[in-house]
Amino acid sequence: WAIDSGGQAETMERSKNLVREGTVELLNKVPEFAEGTPKNRLGLAQWMTQPNHPLTSRVYVNRIWQHMFGDGLVGTSENFGLQGDLPTHPELLDWLCRDFINGGWSTKDLVKKMVLSATFRQSSKMTAELAKKDLNNDLLSRGPAYRLSAEELRDGVLASSGLLREYKGGAPVHPYAPKRRKTDNTHNVHRRSVYSYWRRTTPQANMTIFDKPSLEVCSVERIRTNSPAQSLVLLNDRHFIEAARALATDVLKTKGNNEERLRLAWKRATSADPDENEIKILQEIFTEQREYFKERPKNAKQFVKLGVVKVPSDLDVIDIAAMTVTCQAIYNSDAAVYKR
């Protein structure tokens, strides 16, 4: 250092000796860098994934648990420090972390263990007794119940309708968007949301309505809202209209009466069997919409043309339009939007 005589040169030399590469000594429970570990980003990654590192696996496992169950074992998934929450089930978190590490850090195996557990598979129904003993489900006395995220909703609708393009890799896709934005008017618009082109400051409009955050900052946990605007998206967005029509044409091709077709449509969209009241409502919607489109055949023809997938010529346009509206109602139901 080219510094004048005095105390400045001595101060700089002392600070160089005090500040060194390595871990913070204050965190005495965190392991030191292993011998031979490079003091760079590669070394940092190796240090964070040491089998005896107490934090990395816990943070990751907690976030996967939060994704699957709605809430983490540590409620403050963004803060594992002194001001964060203590784990509700510390021994379970420890076991999951050790099993995760021993299993080669396999997220697939971790998710499989969670979804096949008795805790995840139990009923999410709230009872008066559970409300009294475990209102916030801290004791995991019932299964998870929460609205699906924006990407889960879109991909789930595309999958149940038969439109989802499942091939992996490739360039990003411009999904359906307002006229001022570019759209890939091919079957590629039906690829999974992970392949959707996005702008950092402005996610897709239909995804924003379902609480997809701005991507300018890291978001550990999303908020979950329920608003009328979400129903409007499910009823009017081109992705969801085209998916409803694809589901409608599929069920109309099956043998059986309309009730059996409606039961099939409900089962595909919600993974559950409808009760008698739900079937009654669906039949009323289908009958009402069929009468409506009978009086307005031009509207029916225009309605079924929306999207890149063409409707089959061997089906009645009036039936397709009426069943499409009915399938839209199914996709807009609580059973299709919520994980229970």
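Would you calculate, for the chain, the mean residue ellipticity at 222 nm contributed by helices, counting each DSSP H stretch of 4 or more residues as -39,500 (n - 2.57) and dividing by all residues, to the nearest 500? Walk me through the numbers on the way to the answer.
Numbers: 16 runs with 168 residues, N = 340.
Here the helix-only value at 222 nm equals -14500 deg cm²/dmol.
Quick check for me: using +1 on Lys/Arg Cβ and -1 on Asp/Glu Cβ, what's the dipole size of the chain about its Cα centre, in debye to the nearest 20?
Details: 50 positive and 42 negative charges, 257 e Å.
Dipole magnitude for the chain comes out near 1240 debye.
How big is the equivalent ellipsoid of the chain along its three axes, where each semi-axis is √(5λ) from the Cα gyration tensor, reported in whole Å from largest to smallest?
Numbers: eigenvalues 514, 140, 59 Å².
Equivalent ellipsoid of the chain: 51, 26, 17 Å, largest first.
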### Task
Filter the cross-link list K212/K301; K255/K310; K39/K212; K112/K267; K133/K267; K267/K298 down to pairs whose alpha-carbon distance in this structure exceeds 26 Å.
K212/K301; K39/K212; K133/K267; K267/K298
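Given Cα positions, please report Rg to Rh for segment 212-340, the hydrodynamic radius being the Kirkwood one.
Details: Rg = 16.2 Å, Rh = 15.7 Å.
Rg divided by Rh gives 1.03.
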### Message
Name the residue from L215, V74, Q46 whose Cα lies farthest towards the positive end of the charge dipole of the chain, charges +1 on Cβ of Lys and Arg and -1 on Cβ of Asp and Glu.
### Response
L215
### Message
I'd like to check one number: the per residue accessible area of the chain, probe 1.4 Å, reported in Å² as a whole number.
### Response
62
### Query
How do W266, W95 rank by accessible surface area computed with a 1.4 Å probe, from largest to smallest?
W95, W266
## Note on the structure
Rh_Kirkwood(segment 88-144) over Cα pairs, Å, one decimal, evaluates to 12.7
### Message
Can you give me the Kirkwood hydrodynamic radius for segment 36-155, using every pair of distinct Cα atoms, in Å to one decimal?
### Response
16.1
### Per-peptide average of other Cβ atoms within 10 Å, ordering 211-221, 280-290, 34-44 highest first
280-290, 211-221, 34-44
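Please give the peptides 117-124, 165-172 ranked by average Cβ packing (other Cβ atoms within 10 Å per residue), highest first, as a rough proxy for protection.
On the way: 117-124: 12.4, 165-172: 9.8.
Packing order, densest peptide first, comes out as 117-124, 165-172.
Subtracting the Cα-Cα distance from 0.36 nm times the residue separation, let me have the gained length for L215 to E259 in nm, one decimal. Can you show the working numbers first?
On the way: separation 44, 0.36 × 44 = 15.84 nm, distance 4.43 nm.
Net length gain for the segment: 11.4 nm.
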### Message
Using a 1.4 Å probe on the protein heavy atoms, what percent of the accessible area of the chain belongs to carbon and sulfur?
### Response
53
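The values are calculated or read from the model by the stated rules, or taken from the named source; none is laboratory data. Everything numeric here is computed off the predicted structure, so don't read it as measured data. Cβ: placed from backbone, ideal geometry, glycine included. Neighbour counts: every protein chain shown. What goes into the accessible areas is simple: the full protein's heavy atoms, side chains included, and nothing from ligands, DNA or RNA. Shrake-Rupley method; radii C 1.70, N 1.55, O 1.52, S 1.80 Å.
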